[in-house]
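What follows draws every value from the coordinates through simple rules; no lab data is involved. Remember, predicted model here, so these are calculated numbers, not experimental data. FYI the Cβ positions are ideal-geometry reconstructions off the backbone, even for glycines, and counts take in every protein chain you see.
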Amino acid sequence: MSIFEVIMLVCFGSAWPASIYKSSVSRTAKGKSMTFLIIVFTGYIAGILHKVFYNLDWVVTLYAINGLMVLVDIGLTRRNKAFDLRGVS
């Protein structure tokens, strides 16, 4: 475990609740990048796999929490994209 890794995950993780909130209330996918979300999610999965295979410690929970928040944002973005296509606001 590195304190810098923990700080990085806490800092990144603190941004996701705001993004999730914005996605849930805006009901539009405008300004959101599904490609970006998938890249970030893939990065968290890679971090989890590294922890599991090479350096398992409690920090894996931070990766998992962050990954789950990104997954929620991906789901909301997909929903909002469907709203955009149907013209729902």
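A few notes on this one:
- Positive-end residue of Asn80, Gly43, Gly67, charge dipole of the chain with Cβ unit charges: Asn80
- Principal axis extents of the Cα atoms in region 48-89, from largest to smallest and rounded to whole angstrom, are 48, 13, 5.
- Ser14 versus Asn55: modelled label distance in nm, points set 7 Å from Cα along the beta carbon direction: 2.3
- Expected 222 nm ellipticity per residue - DSSP helices of 4 or more, -39500 (n - 2.57), all of the chain, to 500: -28500 deg cm²/dmol
- Magnitude of the charge dipole, region 32-89, Cβ model with Lys/Arg +1 and Asp/Glu -1, debye to 20: 280
- By the Kirkwood approach, averaging reciprocal distances over each pair of separate Cα atoms, the chain gets a hydrodynamic radius of 13.8 Å.
- Computed over region 32-89: relative contact order in percent, which uses C-alpha pairs under 8 Å that are six or more apart: 40
- By the count of neighbouring beta-carbon atoms within 10 Å, fewest first, Asp57, Asp84 end up ordered Asp57, Asp84.
- Exposed-loop-free span, longest in the chain, where trypsin sites (Lys or Arg not before Pro) count as exposed if DSSP calls them loop and at most 13 other C-beta atoms lie within 10 Å: 31-89
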